[in-house]
1. Explain nothing, just compute: Karplus ³J(HN,Hα) = 6.51 cos²θ - 1.76 cosθ + 1.60, θ = phi - 60°, for every residue of the stretch 95-103 in order, whole Hz, x for Gly and Pro.
2. So how much slack lies between residue 68 and residue 100, counting 0.36 nm per residue of separation and subtracting their Cα-Cα distance, in nm?
3. If I take every Cα pair under 8 Å that is 6 or more residues apart in the stretch 37-124, average their sequence separation and divide by the length, what percent do I get for the relative contact order?
4. Work out, step by step, the length gained on full extension between residue 78 and residue 114: first 0.36 nm times the residue separation, then minus their alpha carbon distance; give nm to one decimal.
5. For the stretch 115-128, take each phi angle, set θ = phi - 60°, evaluate the Karplus expression 6.51 cos²θ - 1.76 cosθ + 1.60, and give the result in whole Hz per residue in order, putting x for glycine and proline.
6. What number comes out for accessible area per residue over the stretch 38-95 if the probe is 1.4 Å? Units Å², please.
7. Along Cα→Cβ, 7 Å out, is where each label goes; now give me the distance between the ones at residue 147 and residue 36 in nm to one decimal.
8. At 7 Å along Cα-to-Cβ for each site, give me the label-to-label distance between residue 26 and residue 134 in nm.
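The values are calculated or read from the model by the stated rules, or taken from the named source; none is laboratory data. Computed from a prediction, not measured in an experiment: that's the story for all the values here. In this analysis, Cβ positions are derived from the backbone assuming ideal geometry, glycine residues included, and neighbour counts consider all displayed protein chains. The accessibility values were calculated without ligands, DNA or RNA, using every heavy atom of the protein model including side chains. Shrake-Rupley method; radii C 1.70, N 1.55, O 1.52, S 1.80 Å.
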Amino acid sequence: MKRTGLFLVALVCMIMQSTTSFAGDDKFVPIEQLPTEVWFFVQENFPKTTISFATKDFELKGEKYEVRLTNGTKIKFDKKGHWDKVYCKSHNVPTPLIPTAIYKFVRAYYPTATIVKIDKERYGYKVELSNDIELKFNKSGLLISIDD
């Protein structure tokens, strides 16, 4: 009985160790091996820049891609090539990526700021403005919280 218990504990420890070493490992991906959806997204939303490099992140929920553009923009994609997060260092997030209600809210209440980061979350969207204010919106585009 003790041997079975020790064996199970050892087995669980090995599984946890292999899972944690697997999760979060970034591997460089040749640009030509990215999903076509990633290519189309970059061409459509960032036509004046190119992909600098790409990585594939193996997480517990599945693989994800991260693309860095030559202008410093960082974009994260899910395994199907749908964008999950866009972070623009030196400019604003392209307007077509921002839900209309969120765009109108930011224009009305923060007219001098631009959206430099947008992140899809389970509850909706998290956006960061150029003035370092972070806004959270539900899926309908209604403001949930402000963090300044």
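1. Taking θ as phi minus 60°, the curve returns 3, x, 7, 9, x, 3, 4, 5, 4 Hz for the stretch 95-103.
2. On the way: separation 32, 0.36 × 32 = 11.52 nm, distance 2.58 nm.
Length gained, residue 68 through residue 100: 8.9 nm.
3. 21 percent
4. Values: separation 36, 0.36 × 36 = 12.96 nm, distance 2.53 nm.
That works out to 10.4 nm of additional length.
5. Couplings: 7, 9, 8, 9, 9, 7, 10, 4, 7, x, 9, 10, 10, 10 Hz.
6. Details: 3240 Å² over 58 residues.
Normalised by residue count, the accessible surface of the stretch 38-95 is 56 Å².
7. Roughly 3.9 nm, to one decimal.
8. 1.9 nm
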